[in-house]
Amino acid sequence: MTSTHSPARPSYFPYGRSRPPSSSVLSPPPGSGPGTAWAGRLRVAVWAVPALLVAYAGFRRRWMSDDAYIYVRTVRQVLAGNGPVFNAGERVESSTGTLWQWLLVAAGPAGVDPASAAVYGGLLLTAAGFALAGIGALRTCGGVRVAVPLGSLVLLGLPPVWDFATSGLETGLATCWIAGAWLALTARPGSLGTSAVIGLGPLVRPDLGLVTVVFLAAQWLLVRPSWRGAFAGAGAAGALPVAYEVFRAGYYGHLVPLPAVTKEASQSLWGRGLVYLGDFAQPYLLWVPAVFVAVAVLSLCGRGRLRGAGVARVVPVLAPVVAGALCWLYVVKVGGDFMHGRMLLPGLLLMLLPVFVVPATRVGTLAAVGVGLWAVVCAGWLRMPYGGQIGPAGIADERGVYVRHNADPHPVRHTFAGAPHHLRYARQVAEAGRSGAAVLVLGKDGWVRGSSGGVTASYVVLGLNGSLVPLDGAALDPIGLAYPLAAHSERVGAGRVGHDKHLPAAWLVADRGVGAPSWVRPAEVAAARRALRCGALAELDGAVRGRLTVGRFLRNVAGAWERTSFRFPNDAGRAAGELCG
């Protein structure tokens with residue numbers, strides 16, 4: 001299939017049709033074209049001011065989540081020469097955001113501490129994302145002289161947006177990538193560079209692969225390339241993600257990061273997901289800004305800005321809305337998350353992108369005023385009912401919990417001054433490392449062992465555990481975020497989302513070869529040891545702990561699908577019976 005247009009094309013349409021007609025979304029850049037100087041300054045202000053405000057709000061609520069310290073340990077292992085692993089000698093991918101992990105690694109040679117890079121890098125990327133979103137929305141407005149913020153006001157009014165502007169997680173990178181990919185789609189849809197940027201979605205977060213698929217489909221509709229151009233665009237989009245997927249399958253032996261295995265990202269928990277959605281929408285009365293936004297959209301359609309418009313104008317507006325709706329649908333399907341609002345923020349940003357900024361018509365301005373008033377009320381008074389705690393559905397005000405645990409309004413460096421149980425655990429790990437104690441029991445949630453080979457410690461709070469245990473030791477968790485044995489166990493009951501696996505201590509004793517605590521039955525340990533020598537469990541051990549040769553790499557790739565889907569019963573006796581016969 002070849003283009004029917006003239007071969008003379010702009011350089012940024014290397015594999016597509018000619019430049020879209022004048023009604024296209026490719027309007028003059030902000031501040032250019034006719035208009036007075038004050039109008040130009042206003043066009044800059046509508047994207048610059050929200051970016052500055054979110055940076056200010058995020059800095060005022062800066063913090064570091066425990067999950068972010070999971071990234072930090074992996075980054076420290078890479079910088080120490082042990083490879084992209086959580087524990088030396090065990091090839092486990094504990095970082096959900098692959099690109100975020102490697103950006104933090106890149107900050108190391110510059111002398112930036114990984115924790116500081118995570119907090120302040122996330123803040124800068126969030127602000128940059130707001131700016132890019134505003135610029136992209138201005139382009140979709142066409143050549144209007146004056147515009148007003150609308151969708152940005154919705155996000156600025158929500159406390160979870162302020163919280164996850166930092167947190168040390170990949171949320172800031174996701175915000176910047178979503179806005180940047182959309183801006184590239186609206187500005188240069190035929191560029192191979194746009195394809196490459198859009199293709200990064202699965203490396204930002206695996207679930208953002210949905211956004212990549214929708215944006216690539218939108219790019220195809222905008223450009224309608226020849227077959228040759230389509231293959232070139234697909235190659236540009238898929239080169240890095242596919243290459244990393246081959247590396248992941250061969251190096252780690254899995255098709256997805258281990259937390260996706262732990263959280264059973266392919267299963268459905270619709271009821272819990274709807275509870276998670278309500279937990280986010282109800283406290284902030286999100287239906288109020290939704291009404292104002294809907295009125296503004298209907299007004300724009302009524303004024304002919306979208307009615308009867310061609311593909312080049314409609315597709316960039318609909319693509320992020322469709323992508324955002326799919327993101328929300330997926331989050332609800334898998335049961336949501338344990339952090340209040342966090343997993344719904346990317347989808348909300350996507351759905352608000354086309355109205356991040358709107359023309360300053362009468363209706364648009366009144367809608368902006370209405371959303372602005374709601375934002376002031378939401379920012380000042382509306383809060384979740386369980387602030388600083390874990391709610392009845394297992395959803396947490398994660399930042400509030402760490403403020404309380406650390407007795408610090410800005411808990412970037414965790415001291416756990418307000419959490420005696422964590423402090424007690426930290427002391428026991430340190431004592432075990434100094435004394436070389438054979439076994440030190442911490443109760444049903446963990447144990448530690450000191451030996452000449454370092455400290456092995458298991459605890460439910462993995463980021464804390466990883467910050468306490470030296471890099472030559474083993475920091476494990478019974479949930480399975482960085483412990484493959486626990487990750488591949490079956491779910492137990494209806495615990496918190498992402499925390500509904502718990503590997504019994506008998507498996508840890510059998511796997512690590514240590515003496516059993518008095519409350520662990522020897523028969524369970526014997527059954528677990530037998531199961532570990534059989535079938536898929538023995539293969540799993542070889543995949544993540546065996547010497548990485550070319551043959552091992554190829555076997556890991558060949559068995560990655562089966563290995564990723566493998567699960568075994570928590571009960572050691574049942575597991576031994578099923579695996580060993």
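The values are calculated or read from the model by the stated rules, or taken from the named source; none is laboratory data. Note that the structure is a prediction, hence the values are computed from the model and not measured. Cβ atoms come from the backbone with ideal geometry, glycine included; neighbour counts cover every protein chain shown. Side chains are part of the model used for accessible areas, which takes the heavy atoms of the whole protein and leaves out ligands, DNA and RNA. Shrake-Rupley method; radii C 1.70, N 1.55, O 1.52, S 1.80 Å.
Taken over region 500-518, the criterion of being in contact with a Gly (Cβ under 9 Å, 6 or more places away or on another chain) and open to solvent by 60 Å² or more (accessible area, probe 1.4 Å) is satisfied by H502 alone. So for region 307-316 (the condition being within 15 Å of the chain's Cα centre (by Cα) and either modelled with pLDDT under 95 or in a helix (DSSP H, G or I) (or both)), does at least one residue qualify? No, there is no match, as no residue in region 307-316 is within 15 Å of the chain's Cα centre (by Cα) and either modelled with pLDDT under 95 or in a helix (DSSP H, G or I) (or both).
None of A131, A107 is without any contact (Cβ under 8 Å) to a residue 24 or more places away in the chain and touching a helix residue (DSSP H, G or I) at 6+ places or on another chain (Cβ under 6 Å) except A107. Summed over region 470-499, the residues that are open to solvent by less than 40 Å² (accessible area, probe 1.4 Å) and of a type outside the set (A, V, I, L, M, F, W, C) give a count of 10. Within region 129-174, the residues that satisfy the criterion of being in contact with a Gly (Cβ under 8 Å, 6 or more places away or on another chain) and open to solvent by 20 Å² or more (accessible area, probe 1.4 Å) are L132, G143, R145, V148, P149, L153, W162. Cβ separations smaller than 8 Å between residues 6+ apart or across chains give no pair from region 182-199 residues that are within 12 Å of G235 (Cα to Cα) to residues that are charged (D, E, K, R) and open to solvent by less than 10 Å² (accessible area, probe 1.4 Å). Any idea how many residues of region 522-548 are buried (at least 21 other Cβ atoms within 10 Å of the Cβ) and part of a loop (DSSP other than H, G, I, E, B)? Residues that pass the stated criteria total 0.
Checking the stated criteria, A426 turns out to be more than 28 Å from H254 (Cβ to Cβ), small (G, A, S), modelled with pLDDT of 90 or more and surrounded by 17 or more Cβ atoms within 10 Å (Cβ to Cβ).
Looking only at region 527-540, decide whether some residue is touching a helix residue (DSSP H, G or I) at 6+ places or on another chain (Cβ under 9 Å), closer than 22 Å to H254 by Cα and in contact (Cβ under 8 Å) with a residue 60 or more places away in the chain. Taking every residue of region 527-540 in turn, at least one turns out to be touching a helix residue (DSSP H, G or I) at 6+ places or on another chain (Cβ under 9 Å), closer than 22 Å to H254 by Cα and in contact (Cβ under 8 Å) with a residue 60 or more places away in the chain. Of the residues V223, V275, V213, V246, the single one that is over 23 Å from L348 (Cα atoms), open to solvent by 30 Å² or more (accessible area, probe 1.4 Å) and not aromatic (F, W, Y) is V246. Residue count for region 37-86 satisfying the condition of being crowded, with 16+ Cβ neighbours inside 10 Å and either in contact with a helix residue (DSSP H, G or I) (Cβ under 8 Å, 6 or more places away or on another chain) or closer than 14 Å to G122 by Cα (or both): 32.
Of the helices (runs of 4 or more DSSP H) contained entirely in region 222-301, those carrying at least 1 residues that are without any contact (Cβ under 8 Å) to a residue 12 or more places away in the chain fall at 227-251, 270-281. If you check L352, L373, L366 for being among the aliphatic types (A, V, I, L, M) and open to solvent by less than 40 Å² (accessible area, probe 1.4 Å), only one passes: L352. Right, R555: open to solvent by 30 Å² or more (accessible area, probe 1.4 Å) and at pLDDT below 90 or not? No.
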